[in-house]
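Engineer: Structure in structure tokens, see below.
Throughout, read-outs are computed from the coordinates displayed, never taken from laboratory work. If you're wondering where the values come from, they're calculated on a predicted model, not measured in any experiment. Glycine also receives a Cβ, built like all others from the backbone with ideal geometry; neighbour counts cover every protein chain displayed.
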Amino acid sequence: GKEGEGGEGGEGGEGGGGPPLFRSLTQFDLVVGVHVVGAFSDPQAAFGRLAGHTRPGGHLVLVHPAARGVAELAAEQARLVKGSETHSCAWDELRRLASLHRLRCELEMLESRLDCTECLARSPTGVAILSHCLDADLRRLCEPKMLRLLQSLWRLATIGEHGAHVEETTAIFLLSKPRGQCGCGVSR
């Protein structure tokens, strides 16, 4: 079906090659998005779709990487592999979008550590972990690019007596849609 029609499935994104779109017009009491808004070339439209599926009086929970840790490494990987910056959405942009859609916003910043000892040692396990974090098969990366990526990781890492880690900050948004608000964020 066309955009906005009922039903699920089909390919979305640019030129039909993106992820499948959730085409339902149904609204839910709780909508959860984990590391999803920045995965789309138009984060504002993605945010709008999530907010639109949130019922008035309902909640939208977004888990989004802050610009530290793996997010910095992912930006470097995009520069190396694609030759350009990726489309990304900073956590403060999500706060702005919440205000634009008239959603009440509570924000928690979660600090964590990613043990990167195996990654820096370039062991098969470390390369697999790093590939998972960056959503790319780094085994296929040519040697000069892999070395530059590892240099970036060395810059980000804190090295101690018991190994190495990268400080990682994750923003957790609890967004509430006021009752009496339609799906588009406009009050009735």
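Engineer: Which net charge results for the neighbourhood of Asp115, defined as the other residues with beta-carbon distances under 15 angstrom from its beta-carbon, given Lys and Arg at +1 and Asp and Glu at -1? Display every interim value, and only then the final one.
Structural biologist: On the way: positive: Arg113, Arg122; negative: Glu111, Glu118, Glu161, Glu167, Glu168.
Its environment carries a net charge of -3.
Engineer: Another question about this same structure. With θ set to phi - 60° and the Karplus curve 6.51 cos²θ - 1.76 cosθ + 1.60, what are the ³J(HN,Hα) couplings of segment 103-115 in order, to the nearest whole Hz, using x for Gly and Pro?
Structural biologist: 9, 6, 10, 10, 10, 10, 9, 9, 9, 8, 10, 9, 5
Engineer: Based on the Cβ-Cβ distance from Arg95 to Ala136, what FRET efficiency comes out when R0 is 41 Å, to the nearest 0.05? Walk me through the intermediate numbers first.
Structural biologist: On the way: r = 28 Å, r/R0 = 0.69.
FRET efficiency, Arg95 to Ala136: 0.90.
Engineer: Take Arg155 and Arg79, extend 7 Å from each Cα along the Cα→Cβ direction, and tell me the distance between the two endpoints in nm.
Structural biologist: About 0.6 nm separates the two model spin labels.
Engineer: Between segment 119-159 and segment 26-71, how far is it from one alpha carbon centroid to the other, in angstrom?
Structural biologist: 28
Engineer: Can you give me the distance in nm between label points at Ser41 and Val63, each placed 7 Å from the Cα along the Cα-to-Cβ direction?
Structural biologist: Between Ser41 and Val63, the label points sit 2.8 nm apart.
Engineer: Still on this structure: Only loop residues by DSSP count here, and only those with at most 16 other Cβ atoms within 10 Å; note down the GluC sites (Glu not before Pro) in segment 44-153 that meet that.
Structural biologist: Answer in residue order: Glu85.
Engineer: More than 25 angstrom separation, counting every C-alpha pair in segment 30-163; what % is that? Please report the intermediate quantities before stating the final value.
Structural biologist: Details: 3283 of 8911 pairs.
Beyond 25 Å sits 37 percent of the P(r) for segment 30-163.
Engineer: Give the Kirkwood hydrodynamic radius (Å, one decimal) of segment 105-188, defined as one over the mean of 1/r across all pairs of different Cα atoms.
Structural biologist: Working: mean 1/r = 0.0640 Å⁻¹.
It works out to 15.6 Å.
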